[in-house]
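*Asks:* Got a structure here, written out as structure tokens. Questions coming.
Values in this text are rule-based calculations from the coordinates and carry no lab data. Keep in mind the model is a prediction, meaning the values are calculated, not measured. For neighbour counting, all protein chains shown are included, and Cβ atoms are generated from backbone atoms with ideal geometry for every residue, glycine included.
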Amino acid sequence: MYVCICNGVTDKDIRQAAESGCKTVAELTMRTGCGATCGTCLDMAAELLAAARPHDTDFDLPVLQAA
């Protein structure tokens with residue numbers, strides 16, 4: 001599905017950008033052009049980017065001592 005008609009950016013393009021490390025809408029605009037012309041797609045692009053972004057699993061787990 002086209003998200004940004006002006007620049008031909010699809011939902012697949014946004015998912016690929018998220019998988020490549022894109023974290024913000026500003027960065028998405030720089031990478032894909034999404035939202036750079038009229039901006040009406042920015043809300044949908046932000047939602048898709050947030051949904052597609054890998055969740056951070058970098059957190060400290062407690063170390064259990066062996067019995």
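*Asks:* Express in % the proportion of alpha carbon pairs of the stretch 2-52 at distances exceeding 15 Å.
*Replies:* 26
*Asks:* So, in nm, how far is label A51 from label S20 when the simple model puts each one 7 Å beyond its Cα toward the Cβ?
*Replies:* Calculated label separation equals 2.1 nm.
*Asks:* Please report, in debye to the nearest 20, how large the charge dipole of the stretch 2-52 is about its Cα centre when each Lys and Arg carries +1 at its beta carbon and each Asp and Glu carries -1 there.
*Replies:* Its charge dipole is roughly 100 debye.
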